[in-house]
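Novice: Encoded as structure tokens, here's the structure I'll be asking about.
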Amino acid sequence: MRTALHILADFPSIFAVAFFSNFLQILWVAMWIYTYFSIQNMWQQWADENQAELIALAHNETFNVSSFNASATNITAELSTSEEIFANLISFYLFLSLFWTSMVIRNTLFVTASGVVAHWYMGQAEGKKPAAVVGKVFGVAVSKNFGSIIFGSLLVSFIRLIRVIVEGLRRYNPLQNG
């Protein structure tokens, strides 16, 4: 613990990177929430409008429902099933983007902090300004190491999202709860 406190005391500019990362996280989550609810609202409006049009079309005399072996309930059921699939795909993508971006920001901070500790441990930071060391390490994290950060974050985010979905299905399974 003393070693960690010593490193933090020697490199206080790591706090600036941490605060910047937290600010990006908050900004990203706020933007994501706005986008998610805007898309949900827009999707619901579109679904309500199209469902009403299809039901009206099914009851229209000029549209021969029997020749297509369909009825108003079949059209409504097909529409709601396709809507549900599409809405679930959009939700999956949105949640994956939330998890992925959050992980990228977090892992960039982690790589930066690890790089600062490595510079301190190897003695490469002696005689250098602490802000310059942190800036150099952050620059390496967002340039040379960024591809690895992004790819690793994508894999972990995808696995975590699948885990959340499975846990949610397990929790709300009517056969198991019932």
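Novice: What FRET efficiency comes out for the pair W32/E126, r = Cβ-Cβ distance, R0 = 35 Å, nearest 0.05?
Specialist: Taking R0 as 35 Å, the efficiency between W32 and E126 is 0.25.
Novice: Would you mind working out the accessible area per residue for the range 1-49, using a 1.4 Å probe, and quoting it in Å²?
Specialist: 76 Å²
Novice: Roughly speaking, what is the stretch gain from V164 to L89, that is 0.36 nm per residue apart minus the C-alpha to C-alpha distance, in nm to one decimal?
Specialist: Length gained, V164 through L89: 25.5 nm.
Novice: Another one. With θ taken as phi - 60° and the coefficients 6.51, -1.76 and 1.60, list the Karplus ³J(HN,Hα) couplings across the range 14-25 in order, rounded to whole Hz; mark glycine and proline as x.
Specialist: 5, 5, 5, 5, 5, 5, 4, 4, 5, 4, 4, 4
The values are calculated or read from the model by the stated rules, or taken from the named source; none is laboratory data. The model shown is predicted, which means the values in this text are computed figures rather than measured ones. No Cβ is skipped: glycine too gets one built from the backbone with ideal geometry, and neighbour counts run over all protein chains shown. Surface areas here come from the heavy atoms of the whole protein model, side chains and all, with no ligands, DNA or RNA. Shrake-Rupley method; radii C 1.70, N 1.55, O 1.52, S 1.80 Å.
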